[in-house]
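This report refers to the structure that appears directly beneath it.
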Amino acid sequence: MISRHLATLFAILFSSAVAFAQTATPVITQGAQVTTDDYRRQAQAELARLKAAQPINGRARNVIIFIGDGMGISTLTAARIYQGQKLGRDGESFTTAMDSLSNTALVKTYSHDAQVSDSAPTASAIMGGVKARNDVIGVGPEALVGDCPGSEGKAIPSIFAFAQATGRATGIISTARITHATPASTYAHTPQRDWEADSDMPVAAKSAGCLDIARQMIEQPVGSKLDIILGGGRSNFLPSTMADPEYPNQTGRRTDGRDLVAAWRKANPGGSYVWNERDFAALNLNGAGKVLGLFEPDHMRYEADRAGDKGGEPSLAELTRAAITKLGSHKAGYILLVEGGRVDHGHHAGNAKRALEDAVALDGAVRAALDTVNLKDTLVLVTADHSHTLTINGYPRRGNPILGVVTGVDGKVTRGNDGKAYTTLGYANGSGATTDTPRIDPAATDTAALDYKQQALVPLAGETRGGEDVAVRASGPMAYLFKGTIEQHSIFHIIQAAMMAK
């Protein structure tokens, strides 16, 4: 009896596989009368899609690296659900642009000296191919934090240096300061990630010959050759005697008297410098000149706050399209870094909504790239430098608002042992924790408000990073090499192999 039943079941599954082999994976919408057969059809269609996928061999003429700073696995899942729900769709089964990439691997994120890394060594591993100590950028593990003389001769060439040596165009985009750890890892070498402007540096380090990161971007070999630079951090390039063009009550941060924007303009007489949305929209991206865009004195605005910016800020998708247009005509190809830098900052603030909005904005940039490039010659990969302590917990029912309190499949709000509700999203530590007062009941609060901070366990001034593996997803030439569980610094070597393939 059991054998006949299984035989019948396998026959049904086989016929479903044949019937749906040539179709895209069907979407099963929440709330519909979904049956067992519907789920079988969905899985068989996905199986057919996976079996039909063919690896792309050959050289990657172009490479686009998307990094969601702090965009760990829990953030990917929460952002997927959030994005789907914002669109009025079933968030759990929603497919993001990142999800559509063909190959996936888990990535170990520990640094040379820490179980949980910061962005400096993790970005350096991706861009330079070796692990380094926390807080250093673009130097090997032999370099000690803050030791300027000791870092001499320990610089690690980045994949951007390799790209320039092979004649490719290069560009970087970040919603953080362009001198921040991740973008800086493409062009800078320093034993202290915080040395973004000369005013950040101790006298001894300057006397020993170390340059701040902003100067390295303008004066050093890799930074000075970048074809397009778009991000925040304008104050690190302006002298302390100069008023900011957007905020007259603010000045630059440089104490050496240098105007590095003027220095860039002098070195690139045919280039274009922009700091607002109007001038960005007027750029001639088909011209030969380089582009420098610095849209804020500090980090660019969170995506959720971008509409209120005084000078206007382009979206991350708009910045990405502009960079691809600018770099795409280069005969030898290009490499482009796009960082969603403020995902990380939202998490550090214990503010999941802003973090998720920025993760969704990064997904929009990925979609813009996939709609523009040819994956036969362009390797597109999406990863994170590290994770955060964000958790997705409890037993919320399907379709429960991802920013809401946990409501079970019985339709009732789930409560803790203290009789109070709790949200699906929470943090292991951070500013959302309390120690001297009873826990506030989230059910009495607007947990979807922009400024709402998810409750946390351990009270800290700011939430910390997380140390679990992150994902890397990729499509294009040699993307099939991203599989299994890999070391973070292996990403550099896979990209380099793809760029060198015959």
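Figures for the structure shown
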{"item": "Residues of segment 338-355 satisfying the condition of being surrounded by 24 or more Cβ atoms within 10 Å (Cβ to Cβ) and under 18 Å from Glu296 (Cβ atoms)", "result": "Val338, Glu339, Gly340, Gly341, Arg342, Val343, Asp344, Gly346"}
{"item": "Residue that is nearest to Gly223 (Cα to Cα) [pool: residues in segment 267-302 that are out of contact with any strand residue (DSSP E or B) (no Cβ under 6 Å at 6 or more places or on another chain) and not in a loop (DSSP other than H, G, I, E, B)]", "result": "Ala267"}
{"item": "Condition met for Ala105 (within 24 Å of Gly171 (Cα to Cα) and either in a helix (DSSP H, G or I) or out of contact with any helix residue (DSSP H, G or I) (no Cβ under 8 Å at 6 or more places or on another chain) (or both))", "result": "no"}
{"item": "Residue list for segment 76-121, restricted to those being of a type in the set (S, T, N, Q) and touching a strand residue (DSSP E or B) at 6+ places or on another chain (Cβ under 9 Å)", "result": "Thr77, Ser100, Ser102, Asn103, Thr104, Thr109, Ser117, Ser119"}
{"item": "Residue among Gly350, Gly340, Gly333, Gly289 that alone is touching a Gly at 6+ places or on another chain (Cβ under 7 Å), at positive phi and modelled with pLDDT of 95 or more", "result": "Gly350"}
{"item": "Single match in Leu370, Leu381 (criterion: farther than 30 Å from Pro459 by Cα, assigned by TED's automatic domain parsing to the domain that holds Ser185, more than 11 Å from the chain's Cα centre (by Cα) and at pLDDT 95 or above)", "result": "Leu370"}
{"item": "Condition check for Ala184: surrounded by fewer than 24 Cβ atoms within 10 Å (Cβ to Cβ), assigned by TED's automatic domain parsing to the domain that holds Ser119, touching a helix residue (DSSP H, G or I) at 6+ places or on another chain (Cβ under 7 Å) and in contact (Cβ under 8 Å) with a residue 40 or more places away in the chain", "result": "no"}
{"item": "Subset of segment 113-126 [surrounded by 19 or more Cβ atoms within 10 Å (Cβ to Cβ) and part of a loop (DSSP other than H, G, I, E, B)]", "result": "Ser117, Asp118"}
{"item": "Leading residue by the ranking (surrounded by the most Cβ atoms within 10 Å (Cβ to Cβ)) among those in segment 437-476 that are more than 24 Å from the chain's Cα centre (by Cα) and of a type in the set (Ser, Thr, Tyr)", "result": "Thr447"}
{"item": "Sole residue being surrounded by 21 or more Cβ atoms within 10 Å (Cβ to Cβ), out of contact with any strand residue (DSSP E or B) (no Cβ under 6 Å at 6 or more places or on another chain) and among the β-branched types (Val, Ile, Thr), chosen from Ile335, Ile402, Ile392", "result": "Ile402"}
{"item": "Selection within segment 128-148 - of a type outside the set (D, E, K, R) and either under 21 Å from Pro202 (Cβ atoms) or free of Cβ contacts under 8 Å to residues at least 24 places away in the same chain (or both)", "result": "Ala132, Asn134, Val136, Ile137, Gly138, Val139, Gly140, Ala143, Leu144, Val145, Gly146, Cys148"}
{"item": "Set Ala78, Ala48: member being assigned by TED's automatic domain parsing to the domain that holds Thr485, surrounded by 16 or more Cβ atoms within 10 Å (Cβ to Cβ) and farther than 17 Å from Met478 by Cα", "result": "Ala78"}
{"item": "Residue check for Glu196: under 24 Å from the mean Cα position of the chain (by Cα), assigned to a loop (DSSP other than H, G, I, E, B), without any contact (Cβ under 8 Å) to a residue 60 or more places away in the chain and assigned by TED's automatic domain parsing to the domain that holds Gly340", "result": "yes"}
{"item": "Single unsatisfied condition, Asn374 versus (1) outside any helix (DSSP H, G or I); (2) touching a Ser or Thr at 6+ places or on another chain (Cβ under 6 Å)", "result": "(2)"}
{"item": "Meets criteria (more than 23 Å from Ala78 (Cβ to Cβ), touching a Leu at 6+ places or on another chain (Cβ under 7 Å) and in the same structural domain as Ile156 (by TED's automatic domain parsing)) for Ala479", "result": "yes"}
{"item": "Selection within segment 482-502 - within 23 Å of Ser387 (Cα to Cα), among the hydrophobic types (A, V, I, L, M, F, W, C) and in contact (Cβ under 8 Å) with a residue 60 or more places away in the chain", "result": "Phe482, Ile486, Ile491, Phe492, Ile495"}
{"item": "Filtered residue count, segment 236-264, keeping only those that are of a type in the set (Val, Ile, Thr) and more than 23 Å from Gly223 (Cβ to Cβ)", "result": "2"}
{"item": "Considering residues of segment 217-237 that are more than 17 Å from Arg265 (Cβ to Cβ) and surrounded by fewer than 24 Cβ atoms within 10 Å (Cβ to Cβ) only, the residue nearest to the chain's Cα centre (by Cα)", "result": "Val222"}
{"item": "Matching residues, segment 161-191, being closer than 19 Å to Gly68 by Cβ and hydrophobic (A, V, I, L, M, F, W, C)", "result": "Ile172, Ile173, Ala176, Ile178, Ala181, Ala184"}
{"item": "Extreme residue, farthest from Ser235 (Cα to Cα), among residues of segment 199-222 that are among the polar types (S, T, N, Q) and touching a strand residue (DSSP E or B) at 6+ places or on another chain (Cβ under 8 Å)", "result": "Gln216"}
{"item": "Scan of segment 312-342 for residues that are part of a loop (DSSP other than H, G, I, E, B) and closer than 24 Å to Ala355 by Cβ, ordered by number", "result": "Gly312, Glu313, Pro314, Ser315, Gly341"}
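The values are calculated or read from the model by the stated rules, or taken from the named source; none is laboratory data. On a predicted model such as this, the values are computed, not experimentally measured, just so you know. Every residue, glycine among them, receives a Cβ derived from its backbone with ideal geometry; neighbour counts consider all protein chains shown.
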